[in-house]
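First the structure, in the form of structure tokens, and then the observations on it.
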Amino acid sequence: MDTLASVEEDDEAPVPPPGAAEDAPGAGEGTVDAFVSGAAYAALGLLGGVVGLLGSFAQDWTPGGVPAVAIVLVALVFAMVRLSGWGMGGRLGATIPAVVWGIVVFVMSMQRPEGDLVVQATLAGYVYIIGGMVAAVLGVVRVPATGPPGQWLLGRAARTRG
């Protein structure tokens, strides 16, 4: 009987003390941080889509033949992209709403089979599309990079050992 009991004791895996996993510092924080970051990036993508959609319908308002609304919308695109990157602390936060904005505006400028389109080939349409793309690129470029220059190219070789 003693041999059977000793065999059973040897087969058991070591059991951590009760409460050790819950008391460990940082337990589960990585999952929560990843979820919050993903939700923030999704919200920025949604923001870019909404700005692109609403701007596509509003860009053609021209008081006195001047595309003033299109110019204001271009400034709004720059501000959205720049502040998104600043708020997220990197260029990825600026790139996501810029790309989604560009996709929405591109789709809204395509002609439907009936011949209808939202962003027309007018001065206001060109100012909104081209100016918005330039503003989005400038907004992404103006966000400071999170790592040293060239790190994306060298990967782990650019990191110093400490």
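Laboratory data are not the source of any read-out in this text; all were calculated from the coordinates shown. Keep in mind it's a predicted model, so treat the numbers as computed, not measured. Virtual Cβ from ideal backbone geometry, glycine too; neighbours counted across all protein chains shown.
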Once normalised by the length of region 42-107, the mean sequence separation of its alpha carbon contacts under 8 Å that are 6 or more apart gives a contact order in percent of 44 percent
From the backbone phi of region 37-46, what are the Karplus-calculated ³J(HN,Hα) couplings (6.51 cos²θ - 1.76 cosθ + 1.60, θ = phi - 60°) in whole Hz, Gly and Pro given as x?
5, x, 5, 5, 5, 5, 5, 5, x, 5
Please give the FRET efficiency for Thr146 paired with Val50, using the beta carbon to beta carbon distance and R0 = 22 Å, rounded to the nearest 0.05.
0.25
Label-point separation in nm, Tyr126 to Val107, each point 7 Å along Cα→Cβ:
2.7 nm
Directionally averaged shadow of region 44-144, computed from the convex hull of its alpha-carbon atoms, nm²
5.9 nm²
